[in-house]
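Take a look at the structure set out below.
The values are calculated or read from the model by the stated rules, or taken from the named source; none is laboratory data. Everything numeric in this text was worked out from a predicted model, so none of it was measured. Methodologically, a virtual Cβ is constructed for each residue, glycine included, from the backbone with ideal geometry; neighbour enumeration extends over all protein chains shown. Calculation scope for accessible area: heavy atoms of the full protein, side chains included, ligands and nucleic acids excluded. Shrake-Rupley method; radii C 1.70, N 1.55, O 1.52, S 1.80 Å.
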Amino acid sequence: MELGGPVIQLLQWIAAPISRCWKYHCVLKENVKTLNQRMEELDCRRRDINARLGTEIVQGETESKAEVQLWLRRVEDIDAEINTINQQVETVKCFSRAGIGKNVFQKIEDVKELHGSGQFPDGLVIRLPQRIGEMQPTTTLGGETTFTRQMEEVWALLMGDEVRKIGVYGMGGMGKTTLMQDINNRLLQSKEKFDSVIWVTASKASSIIKLQDAVARRFNIDISQNDDEAERASRLYTELINKKSYVLIIDDLWDVYPLHKVGIPEPSPKNGSKLVLTTRLLNVCHGMSCKAIQMARLSETVIKLVLGYRSLKGIVDYNNWKTALEDLK
């Protein structure tokens, strides 16, 4: 009598898994049918989501969320697993039915869970950050060691974190604009560090109003209806402070302009932006608190290339390019 309790417990302990195995064995076909029905429902949801993605994804503007991509991969994986199970059921031996039956039962739960998690109430896609910038026409100065070295110096400063404002200075025709055009295009192609590259051309006749207009146009900000410098600067600053990291290139700057009066946020590690300007005057670099880089004189061959390119653009009279060259020497 004393052994009755332990014996009963032992029998119960043995009987429980036997009962489950027998259940998996007996209802295998019914569970396989249920599994395939659940998979059909899941596949319908998958096709609906793929159809929605086809209409919501805009090339270069939106992409599917990572959680949606993961869900679709999981559906593909479980679909393949269920196809394997269906093949196994066709040739299953008697003693293997319980094992397959257990797997079928688990897959039913997995499919049910996947179906429930495929709701995505917050949408299927995310909007990509809009990259602003335009490629600049330039000429190739291949083989010019000095030019290449100076371009790499500017590039290194842009890629580094210590210098936020760079000034490239030198007399007219030295290749400052050409250098920055190459840098502009290289930045747009690399997409490593900055979301946008903004090119603004100043001039000797520039003013705060003209600079504000030029910067606003590049960022698609409309301040044209306001002629108050301070209000325009406030509007520009409010818009730009929320922009992600960008490089602002101001070409051919002749005067010192306090950034806050223009409406340009001071470049900093926090906002990730940088300023590069070209100028003929070293005092402009100093007045704008820029790291000054002097543009070295190019070789006569390269100057001819630059002047020849400019003449085609109407910048230098083609018939008088030799005179212009003498002025540069």
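In table form, for the structure just shown:
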item: Difference of contour (0.36 nm per residue) and Cα-Cα distance, Asn220 to Asn283; result: 19.6 nm
item: Cβ-derived FRET efficiency at R0 25 Å, Asp122 paired with Asp43, nearest 0.05; result: 0.60
item: Pairwise centroid distance, computed over Cα atoms, of segment 64-83 with segment 196-226, Å; result: 48 Å
item: Other-chain or far-sequence residues with amide H under 5 Å of Asp251's (modelled H); result: Val200, Thr201, Ala202, Thr278
item: Residues whose placed amide H lies under 5 Å from that of Ile293, excluding near-sequence neighbours; result: Gly167, Val168, Tyr169
item: Per-pair calculated FRET efficiency, R0 = 25 Å: Lys291 and Trp254 via Cβ, rounded to 0.05; result: 0.85
item: Surface share of carbon and sulfur [accessible, 1.4 angstrom probe, percent] for segment 157-196; result: 42 percent
item: Simple label model, 7 Å out from Cα along Cβ direction - Ser268 to Lys244, nm; result: 2.1 nm
item: Signed unit charges on C-beta, dipole axis of segment 235-301, positive-most listed residue Met295, Leu248, Val284; result: Leu248
item: Partners for Lys102 among aspartates and glutamates (Cα-Cα distance below 20 Å; same-chain residues under 8 apart left out); result: Glu30, Asp77, Asp79, Glu81, Glu90, Asp110, Glu113
item: Reachable aspartates and glutamates from Lys243, criterion Cα separation under 15 angstrom, eight or more residues apart if same chain; result: Asp195, Glu266
item: Members of Lys65/Lys176; Lys65/Lys291; Lys165/Lys204; Lys165/Lys210; Lys65/Lys261; Lys29/Lys65 lying beyond 31 Å, as alpha-carbon distances in this model show; result: Lys65/Lys176; Lys65/Lys291; Lys65/Lys261; Lys29/Lys65
item: Accessible heavy-atom area order of Arg74, Arg218, Arg47, highest first, probe of 1.4 Å; result: Arg47, Arg74, Arg218
item: Extension gain from Ser190 to Asn50, taking 0.36 nm per residue of separation minus the Cα-Cα distance; result: 47.2 nm
item: Cβ crowding within 10 Å averaged over residues, with 79-89, 168-178 ranked highest first; result: 168-178, 79-89
item: Efficiency of FRET from Cβ geometry, Val163 and Glu67, R₀ 30 Å, rounded to 0.05; result: 0.15
